[in-house]
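As structure tokens, the structure follows; a few thoughts come after it.
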Amino acid sequence: MLEDHFDVESMEMLKEVMEDEFSDLLTVYIDDSMTRLPDIRQALQDKNAQTLRELAHSLKGASANITATALAALCYEMETAAKDEKLDGLESLLSRIEQEFETVRSHLQAMIV
């Protein structure tokens, strides 16, 4: 269900405001996120809390901008853990982020015209 992943009402408002540029916004989000996720994984592997926090924060904001609320919430968890330098056990959270992104990406690609 779309509602499990997005704030559907806010997305409809965004679509109305963006008009023809809505598809461009979604494409840029997908492309940017696909390059950011491997960087997040690398930062976690390197145990670089600062970089991990910054990347998770950035993905959280971008996801919130397109109303992907579930993904934004997962990124917030990652950001908070990295801020507190609690990196142990974040592999499972990263896997959840990657899975949620794939679901979000699939929904967004269906909306691109």
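Residues in segment 1-11 that are within 15 Å of the chain's Cα centre (by Cα) and either hydroxyl-bearing (Ser, Thr, Tyr) or surrounded by fewer than 15 Cβ atoms within 10 Å (Cβ to Cβ) (or both): 1 in all. Every listed requirement among (1) free of Cβ contacts under 8 Å to residues at least 24 places away in the same chain; (2) touching a helix residue (DSSP H, G or I) at 6+ places or on another chain (Cβ under 8 Å); (3) of a type outside the set (Ser, Thr, Tyr); (4) surrounded by fewer than 19 Cβ atoms within 10 Å (Cβ to Cβ) is met by LEU14 save one, (1). Restricted to segment 20-113, the set of helices (runs of 4 or more DSSP H) holding at least 1 residues that are in contact (Cβ under 8 Å) with a residue 60 or more places away in the chain and either exposed (fewer than 15 other Cβ atoms within 10 Å of the Cβ) or not small (Gly, Ala, Ser) (or both) comprises 22-45, 69-83, 90-111.
The numbers here are math on the coordinates, done by the rules we state, and not lab data. What you are looking at is a predicted structure, and each value in this text was computed from that prediction instead of being measured. Note: ideal-geometry Cβ built from the backbone for every residue, glycine included; neighbour counts use all protein chains shown.
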